1. Of everything in segment D:69-91 that's assigned to a loop (DSSP other than H, G, I, E, B) and more than 7 Å from chain A (Cβ to nearest Cβ), which residue is nearest to A:A230 (Cα to Cα)?
2. All but one of (1) modelled with pLDDT of 95 or more; (2) polar (S, T, N, Q); (3) open to solvent by 10 Å² or more (accessible area, probe 1.4 Å) hold for A:S56, so report the exception by its number.
3. Got at least one residue in segment C:169-186 being modelled with pLDDT of 90 or more, over 17 Å from C:K125 (Cα atoms) and away from ligand 2 (no atom under 16 Å from the Cβ)?
4. Do you know which residues across segment D:242-286 are more than 24 Å from D:E32 (Cβ to Cβ), among the β-branched types (V, I, T) and outside any loop (DSSP other than H, G, I, E, B)?
5. If I filter segment C:21-43 down to residues being touching a Lys or Arg at 6+ places or on another chain (Cβ under 8 Å) and within 8 Å of ligand 1 (Cβ to nearest atom), which single residue comes out as farthest from the other protein chains (Cβ to nearest Cβ)?
6. Do we find that D:A260 is modelled with pLDDT of 95 or more and of a type in the set (A, V, I, L, M) in this structure?
7. Taking the condition in contact with a Phe, Trp or Tyr (Cβ under 7 Å, 6 or more places away or on another chain) and either modelled with pLDDT under 80 or away from ligand 1 (no atom under 15 Å from the Cβ) (or both), does C:T234 pass?
8. If you take the residues in segment A:184-202 that are within 22 Å of the chain's Cα centre (by Cα) and among the hydroxyl-bearing types (S, T, Y), which one is nearest to C:I90 (Cα to Cα)?
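The values are calculated or read from the model by the stated rules, or taken from the named source; none is laboratory data. From a predicted model like this one, the values you see are computed outputs, not experimental measurements. Note: ideal-geometry Cβ built from the backbone for every residue, glycine included; neighbour counts use all protein chains shown. In case anyone asks, the SASA skips ligands and DNA or RNA and just uses the protein heavy atoms, side chains included. Shrake-Rupley method; radii C 1.70, N 1.55, O 1.52, S 1.80 Å.
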Amino acid sequence: MSRSLNWNASDYLRVGLIVAVPAVFALISEYFLSSGNLFALMQNFALVGLVALGLSLTMVVGEFDLSVASMVAVGGLILAKTGVDSAYIGVLCAVVFGLVVGLINALLVIRLKVSSLVSTLGVMILLSGFGYWIADGNVVPYFNFDAADALDAQIFYLLSPRINITIGAFFILYLVLKFTRLGRDLYATGSHRQAATMSGANTSLSLFFAFACSGSFAALAGALISISLATGSPTLGDGLLIQAASAAILGGVSLGGGVGKIHNIAIGVLILAALNNGLSLLGVSSAVSLLINGSVLAFVVIMNGSLSEFITQKMKKTASA
Amino acid sequence: MSQSVTAKPSISLALSSSGMFSPNRIQATAVRMLIVVMALLASIFVEGFASLQNLSSILFVTVSVGVVAAGLALVTISGNLFMLSISATASISTIVFASVLDFGVIPAILTTLFVGVILGFLQGGAVGVLKTNPIITSIAASSIIMGLGAWYSGGRTITSDVKVEWLGVGHVLPGIPNQIFILLAVLIAAEFFLSRMRLGRELQLIGINSNTAKLSGLRIQRATIVAYVIAALTAALSGVLIGAQSSQGNLSLGAGLDFSAIAAVLVGGVAIAGGHGRIYDAVCGALFLAIIGNILLLKGFSLDIQLMVKGAVVVASVMLGAVLTRKRKK
Amino acid sequence: METQPILQANNISKRYGGVFALSDVSFSLETGEILGLCGENGAGKSTLVKVMGGYVKPEEGELIVDGKSIELGKRIDPSLITIVHQELSILPHLSVLDNIMIGMQSKGLIYLRGRYVARVEKYLKDVGLDHVSPYQLAETLSLAERQLVEIARGLASGAKVLLLDEPTATLSEAEIEKVFAIMRKLKAAGTTMVIISHRLDEVFAITDRVTVFRGGRHIFTKRTQEVSSAELVTAMLGHEVKRGVQRPVRRVGDTFVRCRNVAITDSFGPLDFDCAKGEIVALVGQLGSGADGLLRTLAGLSPVTSGHIEIGGQTASLRSIQDAERHHISYVPEDRAGKGAFLEAPIGQNLTSRVLSDLAPQGVIHAEQELKLARDLAEAFTVNPERNGDAVSTLSGGNQQKVVLGKAVATNPDVLLLNEPTRGVDIGARADIYDRLRQRADEGLSIIFYSTDLEEILDFADRIVTVFKGSLVRSVPRSEATQESILQDILHGNSEVAA
Amino acid sequence: GIEDKSVILLQPTEECAYCADYLKFFKKDATEAGFKFETVTSAFDPANQANQVEQAIAKRPDAIILWPVDVNALIPSMRKIKKAGIPLIISDAMPAKQSEPYWDVYTGGNSEEIGRESAHALVDAFKAKGHGEEGEIFVITGTPGTPTSIGRTKGFKEELAKIAPGIKILGEQPGNWDQNVAMNAASTLFTRFGDQVDGVYAVEDLMLAGVIVAAARANIDPTKLALVGVGCELEGYENIDAGVQHATVLSDAYSDAKYAVNAAVKLLNGEPQDKYTYLPNPIVTKETLDLCHGALANY
Ligand SMILES: Nc1ncnc2c1ncn2[C@@H]1O[C@H](COP(=O)(O)OP(=O)(O)OP(=O)(O)O)[C@@H](O)[C@H]1O
Ligand SMILES: Nc1ncnc2c1ncn2[C@@H]1O[C@H](COP(=O)(O)OP(=O)(O)OP(=O)(O)O)[C@@H](O)[C@H]1O
Ligand SMILES: [Mg+2]
Ligand SMILES: [Mg+2]
C-alpha cells in the first residue's frame, strides 16, 4: 500500500534530473530534440547502458566489478579476431569469454572471500594486458560494414538493433529481478549475505549470475561497439567505468548492496547520456566534460553515503511533523 | 600463567613481534628473498642486467613507484583499500611544478606538495567524514583532477627554463641516482609515522577493526584524513620527481602509476583488508616489480606482457593473502 | 507413544576447534509433539538445530527424517524441516512478503509476488502483525516485529518439523501468547515442533516433552508433566541451585552516578538510577527490556531524550564515547571479537590503545613507557606479559576477555560499564576477572554491568537492579536475591518492592 | 555566399599541444574565411567521436572536417556522412585507402615523406656531431599500428638505407607518443647498447625529449648524440635551441589547420581541388627555428 510512497532523496534527485537535464539542453540548443540527435543519444545509452546494467547487478549483490573497464576492450578485440567469417560468431565468442571471466570473478569472491574490488582490480589489469597482447599493441581492423550498417540501422526514429539489444537486456533483467526467485535472491544476497544463506536464498548462484552478467554484458558492449567502429582496440572503453558507475549510483543502486531497481538504472543511464550528449552538442572541451563527469560521480557517491541518509531522515521528520 | 609473571625481561616484550615466517610476515619475507634470487639469476642469465646503467634504471623506476606506494600503503593499512587518483595527482603535480619552477625550486616543490595536501584532504574528508566509498571517491577525484589539469594546461606541455637535473636525472655515484635519497627519506618518515606516532598507531588499529576503534575513542576521521593527505602528498612528490627530469609538466606524465603503486603495495605484503603491513613492504614491492619489469624489457617484451605480469602478480598476491588470512585466523 | 519418530538423530558430534559443541548426541522427535530444548548458554542447543537444518556439518552422526536418511551438512528441504533462527535472519532491504516466502523450497524459476499476498496477509494476521503490509520493507520493522516475521516464515514453509530457536526472547507476554496459540493450532494439524527457550514457565506451558543439554551432551528427555522445575534446573546447571553462599557485604561510598528522569526512547524510561563509589551494580532484564540500553546511554552511545545525569556531582551530557571518556567512564561492549578487541593486533597494543594520548603527549609514542604500561596491565589481569607481542586472536576466549578489560581500565576510569563481562569465559578465569575488578572497586571504581547470566549476577554484584519493559522494577542487595527471585522479576516484572 | 555556410570540425581532443594549436589556428583562419563553424572534441575516444558524427549529421552542416581519432574506427562514420550527402574533409591523419570513396579531400602530412626527410636530417646530424657517415642508432616509434608511425618509420628506413648505408639501426621500440613510455623504452636500449649508440631517431619530438632524459639517466651525454625528431613541437624547439637535439622535421599545426580551412573554402565554393593535399615539411635546425610557427606561438 505504501509502496510507491517510499520515495527518498535519491528518487527525487533522479526524477528532477531526468526532467531538468533535457529541458535545459533543449532550451539552449535547437538541435537537442531533433530526431537525429536523440538517436545519437540513444546510441550512447545503448553502449553505457549495457555496461552499467552488469555493473549494477554486482552492486546489488554487494560487490563491485572493476574488470568491466578492460572487458569492453577485450570483448571488441575477441570479436575482431574471431568474427572474421561471421559477426555472430565473433559476438558469441566475446560474450562467452566475458561470461567465463565473470564466473571466475564470482568464484574468487565466493571461495577466497576477498573484496571483489580487489580481486577484480587484478583481473582488470590482467585483462588489459591480455588486450594489448591479442592486439599485439595494435588496433585490429574489423571491416564488416554490413554488420555495422545492420547494427546501427535506424528503426522508428529512436531505435536501432543495438539500442534494442540494450533495451532488451534491461527488460529481461527487469523481469528476472521482479518476477523470479533468482531476482529475489540477488537482493537478499546483497542485503545481508549471511542471513540470506540462513534463510535459504541461493547466494552463490546470485553471485555467479551477477558477475556473469557484468562480464558478458561488458564483453557484448565491446563487441558491438567494435562492429560499429570497424576496429578492436585495447584502449576502447577507457572512460566507460566512470560513466557506468555514475549511472548506476545515480540510478539508485547502493554501494552497500541489496538496493537498486532496473528502471531506475535505465533512468540513471539516460540522465548521463543526455548530459554528455548535450555537452558535446554545445562543443564543450573534453576538460569540462571530464570535470562534469567527475563531479557528477562525486556528487552521487556523497549522496550514496551519509548525506542521503541525513536528507532522508530530515524529510521523514518533516513529513511526520 | 601467573607463575610466569616474574619472568625475566626480554626483547620479546616488543609490542609487535611476529617473526619473519609468521603468517603475518611470510609474504613480505618471501618478496625480499625473491628480490635477491631474481637479481642473482638475472645477473647471470640476462645480458645487460648487471651493469651500473641498468642498476640506475631499475632504481629510477623503484623510486617513482616506491614513493607513492609508501603513501598508498597508509591508505591501505587504514582499511580503505586503495586509491585510483594517484596518477591524476602526479600528472597535475608535474604541471604545477613546471608552472611554478620559474620562481625557484623550493617554491615549486612547496606549492606542488601543498596542492597534494589539498587533494588528499578533500578525498580523506569525503571518506572519513562523509563516509563515502573510498574507491569510487578516488575515481571521481581522478576525473575531476584530470579535468582541472586539462582545463588549466589545455593539454600543453608546460616548460620552465630553470633546470633541476640534479633532482630529475642526477647521480650520486654511477648507478645510484640522487632520487634514491628522496625515497629513503619518505620511507623513513612514513615508517616513523606508522610505527612510532600515535596517529599512525590509531591508523593501524582502525584498519584492524573500525568498530572497536570507534568504541575505544580513537580518532577515526583525523587518521583517515591524514592517511589520504600523506598518500596524495607522495603522489605529488612523485610528480615533482617526474617534472624535474626535464623541467616539464604534462598531463600524460605519471600515467600508469595507480596500478603500479597498488601492485607494489599488494605484492609487498601489505594486507588489503587493512591493519597489517609496513611501509618498507610496499617499497620492497616496488623494487620487486621494477626488477621484473626491467628483466622483461631487457628480454624485449613489451608493455602488454608487463601489464599481464602485473595483473597476474596482483591476483596471485590477493589469493595468497586470502589464504594467509585464513591461516592467521586459525 | 508407539508412533514412528518423525526425526531420529543418532550419535551426532560437532567440534569447534577443541570444543565439543555436540558430543555423541542421540535424540528423537515423535510426530505431532512439541519438544522443549533446555540448557545453559553454550550447551549446544543452536548447534543441534543447525545440524538438523543442514547448516552445520557434524563430524559424525546420522539423521533420519520421515523414515529417510538425510545427507548431513546439506540444506534440508524446507517443507520437511524449517528453522526459525536465533540470530535474526531477516533481510532488511527486502519486503515482508519476500522475507516470508524466501524460506520456501525453491522449485521453478518464476516468482510472482501477487500470488502470495493473500497467504502472507494471513500469516501476518496469525502472528499478530495485522498492521504490517506485505510490501513494507523489513528494515522499517521493530525487533519484535522482525521476530514475528521470522516466525511467519516458519509458518509459510508448511514444514513437517518446525524448529524454533528462542522465538520468544524479544516478545511481550501478549505476543508470546499469540505465538503459543499458533503452535497449538499447528500441533493440532500434525506439525512437530521443537522450541528452545530459557524461560522455564514457557517450557512448562507449551511442551509435551523436554530435553536437557549440558556441555554438548544430551542429559535426559522426559515428559513435561513428569519433571519438576527444580529437577530441570539442576540438570541444566549440573548441580543444585546454590543458595545462601554469601560473601561479606562490601562497603561502598557515596552516590557517584546519579540518573534522574532519564528517558532514552519512547519505550524506555523515565527512570531514576544511582550507583555509589566503589559499588558493583548489576542491571538485569530480558533482551529488549532496556537494561543494556541504560548501559549504552552512560557510555555515550545512545543519548538521552530527556532527563538529567550526574557523574561525581557534575552534570554530564553524554552524547559520544569521547564525552563519556571526559567523565572518566569506560565501556566494554558485549561483542568481544566485533567491538571489544583488535583481534589481529598485538596484546600490548590492545592494552594501551585507549591511553595513547597519555603515552604520546607530543604525538610520538613513548616506547618504553608503553612497554611498561602494557606489561603492568597484562600482569594486573594475569595475562602472560611475555606474550604482549602476540595477536589477541591467539589467546583463549577467557584471556581475550581479560585483555579487553585491561584495555578498558587502562584509562583509570571512575565508572566501568560492562556488557556481558564474562560471556564465554570459563569458571576459573571468571573468578580471576571478578577478583581483579573487585580489587579496583575497593579502590573506588564504580562498576555497572549488564548480564544475562544469573550465576554471574549473584557472584559479582553488590546490588541487583531489574529492568522490565523499559522501567526499573526492583533494586535489591545481593544478599536478598536468589536465582528464582531474579528470574521472577526479569520475566514478569512483578515485584513486591517497586523502585 | 560562403557566409551562410556552416562547417563542423570534429577533433580528437584539444588536450595536446598540437591539438590546441590546431584549434587555435583553425578558429583564426576560419573566422577570416568567413564561414560559420562549430568545433567538437571527443577526449580521444573513437566511440565518442562516432557518436559525435551522428550528432553532427543531425545538424546538417554544409561540410564536415573530421580529424579522426582512429582512421580505421571512423570509417563507418565516414560512410554515414557520405550517405547523408555531406561533403567531408579528412584532416591531419591520413585515412586508409579503402575509405577513399567516402570523403572528398584529405589535407595533412605525408608520413613517408616526413620519414624520408628525417633520414636526411639524421645524416646531417651525424656529420655535425662528428660521427661521419657510419655508426649506430636506434628508433623510437609511436603507438604500434598507427599509420603515422608506420609511414614515418618506413620512409626513414628506406631513405636511410639508400643515402647512408653505413648507419645501422640497432633496435626499435614503441614510445606510444608518450614521453614517459619513450623514456623507459630508450632506457633499456641504452642499457643494452650503451656507448655503441651514436644517434636516435624518434618519430616525434615529445618522445625524443624522453630519450634525452633516458640518456642523462644512463650517464650518456645527449649533446654527443645525433638526435632527430619530428614536428617541431615545443619540446623539440627548446631542445634544438639548447643545442641538444640537432634537427626536427616540421609537421605543424599551423599549416595543418590552414590547409583544412582552405580545403573547406574551396569545397564550399564548389571549386575543384586535389584529393590529397600534403603539408610542407622542411627540415628545421637551430638556424631555421623561425619556421616553427606553432612552437613560437606558445613560447
Ligand atoms: N561458529 C562457531 N565457531 C566456534 N564455536 C562455536 C560456533 N558456534 C558455536 N560454537 C560453540 O559451540 C558451543 C555451543 O554453542 P550453541 O550456539 O549451540 O549454544 P546454545 O546452547 O545455543 O547457547 P545459547 O543459549 O547461548 O544460544 C559454544 O561453546 C559455542 O561457543
Ligand atoms: N592460536 C594460538 N596460538 C598460540 N597460543 C594459543 C592459540 N590458541 C590458544 N592458545 C593458547 O593455548 C591455551 C588454550 O587455549 P584454548 O583456546 O583451548 O583455551 P580454552 O580452554 O578455550 O579457554 P577459554 O575457556 O578461556 O576460551 C591458552 O593458553 C591460549 O592462550
Ligand atoms: Mg543458541
Ligand atoms: Mg575457548
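1. Taking segment D:69-91 first, the residues assigned to a loop (DSSP other than H, G, I, E, B) are D:69-74, D:84-87.
Next cut, more than 7 Å from chain A (Cβ to nearest Cβ) only: D:69, D:71, D:74, D:84-87.
On the way: D:V69: 13, D:V71: 10, D:L74: 8, D:A84: 19, D:G85: 21, D:I86: 21, D:P87: 22 Å.
So, considering only residues that are assigned to a loop (DSSP other than H, G, I, E, B) and more than 7 Å from chain A (Cβ to nearest Cβ), the one nearest to A:A230 (Cα to Cα) is D:L74.
2. The number of the failed condition is (3).
3. Within segment C:169-186 (the criterion being modelled with pLDDT of 90 or more, over 17 Å from C:K125 (Cα atoms) and away from ligand 2 (no atom under 16 Å from the Cβ)), the answer is no, since none of the residues qualifies.
4. D:T248, D:V249, D:I283, D:V284
5. My answer is C:E40.
6. Details: modelled with pLDDT of 95 or more: yes; of a type in the set (A, V, I, L, M): yes.
Spelling it out, D:A260 is indeed modelled with pLDDT of 95 or more and of a type in the set (A, V, I, L, M).
7. Numbers: in contact with a Phe, Trp or Tyr (Cβ under 7 Å, 6 or more places away or on another chain): no; either modelled with pLDDT under 80 or away from ligand 1 (no atom under 15 Å from the Cβ) (or both): yes.
No: the conditions fail for C:T234.
8. Taking segment A:184-202 as the starting set, the residues that turn out to be within 22 Å of the chain's Cα centre (by Cα) are A:184-191.
From what is left, the residues that are among the hydroxyl-bearing types (S, T, Y) are A:187, A:189, A:191.
On the way: A:Y187: 12, A:T189: 12, A:S191: 9 Å.
Only one residue fits best here, namely A:S191.
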